[in-house]
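Q: The structure is given below, and queries will be raised subsequently.
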Amino acid sequence: MKKQISLLALCAMVAVSATAFAADEAKPEMKPITKVMLARLGWVQSITKNIAYSNYEGVAKDANDLAAQTKKVGDAAPAAYNKEKNLAVSELAKAMSAAAAAKDGAVVSAKFGEVLATCNSCHAKLRDK
């Protein structure tokens, strides 16, 4: 019985060590645009969930975060098209946040649809060539 417990403990230690080692492996650095888009994906997913649950405070927070990030990126964008799309998303996200503060679900959903349409138009042109 003691041998089985010792063997089990040894297996557990090896598994923990292997997991820790795998976590320390060098991972390729993400491009800055990838980090930006992953953050936006997180906000979009959270907004979707919060709309479904009528959590307007959560929608407003995420929309404000999205608006701030897209404004920052838009202001720094050298290409006119990128600047235009980022600033458009920022304005739409601000409007969505205001609607969420007013608990106006219809406007929240409409503005969210416009945000997604703006995102998709850019992706169709630039990423999904």
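The values are calculated or read from the model by the stated rules, or taken from the named source; none is laboratory data. Predicted model only: the values in this text are computed from it and were never measured. Because the Cβ atoms are built from the backbone with ideal geometry, glycine has one as well, and the counts that use them run over all protein chains shown. Heavy atoms of the whole protein, side chains included, go into the accessibility calculation; ligands, DNA and RNA do not. Shrake-Rupley method; radii C 1.70, N 1.55, O 1.52, S 1.80 Å.
Q: Sort through Ser109, Ser46 and tell me the only one that's modelled with pLDDT of 95 or more, over 19 Å from Arg127 (Cβ atoms) and crowded, with 17+ Cβ neighbours inside 10 Å.
A: Values: Ser109 fails: crowded, with 17+ Cβ neighbours inside 10 Å.
Ser46 is the lone residue from the list that is modelled with pLDDT of 95 or more, over 19 Å from Arg127 (Cβ atoms) and crowded, with 17+ Cβ neighbours inside 10 Å.
Q: Return the residue satisfying two criteria in turn: it lies in the range 66-89 and is more than 16 Å from Leu126 (Cα to Cα) and free of Cβ contacts under 8 Å to residues at least 24 places away in the same chain, and of such residues it is nearest to the chain's Cα centre (by Cα).
A: Per the stated criteria, the residue is Ala68.
Q: Still on this structure, I have one more. Consider Gln4 carefully, then state whether it is in a helix (DSSP H, G or I), open to solvent by 90 Å² or more (accessible area, probe 1.4 Å), of a type in the set (S, T, N, Q) and modelled with pLDDT of 90 or more.
A: Spelling it out, it is not the case that Gln4 is in a helix (DSSP H, G or I), open to solvent by 90 Å² or more (accessible area, probe 1.4 Å), of a type in the set (S, T, N, Q) and modelled with pLDDT of 90 or more.
Q: Of all residues in the range 39-58, which are over 20 Å from Asn86 (Cβ atoms) and either of a type in the set (Ser, Thr, Tyr) or assigned to a helix (DSSP H, G or I) (or both)? Spell out how you get there, then give the answer.
A: Within the range 39-58, the first condition is being over 20 Å from Asn86 (Cβ atoms), and the residues that meet it are 48-58.
Answer for the range 39-58, where residues must be over 20 Å from Asn86 (Cβ atoms) and either of a type in the set (Ser, Thr, Tyr) or assigned to a helix (DSSP H, G or I) (or both): Thr48, Lys49, Asn50, Ile51, Ala52, Tyr53, Ser54, Tyr56, Glu57, Gly58.
Q: Please count how many residues of the range 78-103 are more than 10 Å from Ala63 (Cβ to Cβ), among the hydrophobic types (A, V, I, L, M, F, W, C) and assigned to a helix (DSSP H, G or I).
A: Number of matching residues: 4.
Q: Moving on. Looking at the range 20-36, can you tell me whether even one residue there is modelled with pLDDT of 95 or more, part of a helix (DSSP H, G or I) and either at positive phi or open to solvent by less than 80 Å² (accessible area, probe 1.4 Å) (or both)?
A: Yes, the range 20-36 contains at least one residue that is modelled with pLDDT of 95 or more, part of a helix (DSSP H, G or I) and either at positive phi or open to solvent by less than 80 Å² (accessible area, probe 1.4 Å) (or both).
Q: Of the residues that sit in the range 49-80 and are open to solvent by less than 70 Å² (accessible area, probe 1.4 Å) and among the charged types (D, E, K, R), which one is nearest to Gly105 (Cα to Cα)?
A: So, considering only residues that are open to solvent by less than 70 Å² (accessible area, probe 1.4 Å) and among the charged types (D, E, K, R), the one nearest to Gly105 (Cα to Cα) is Asp62.
Q: Another question, if that's okay. Is it true that some residue in the range 69-77 is part of a loop (DSSP other than H, G, I, E, B) and under 18 Å from Lys35 (Cβ atoms)?
A: Taking every residue of the range 69-77 in turn, at least one turns out to be part of a loop (DSSP other than H, G, I, E, B) and under 18 Å from Lys35 (Cβ atoms).
Q: Still on this structure, I have one more. Output the number of the condition that Met96 fails; it satisfies all remaining conditions of (1) surrounded by 17 or more Cβ atoms within 10 Å (Cβ to Cβ); (2) within 14 Å of the chain's Cα centre (by Cα).
A: Answer for Met96: the failing condition is (2).
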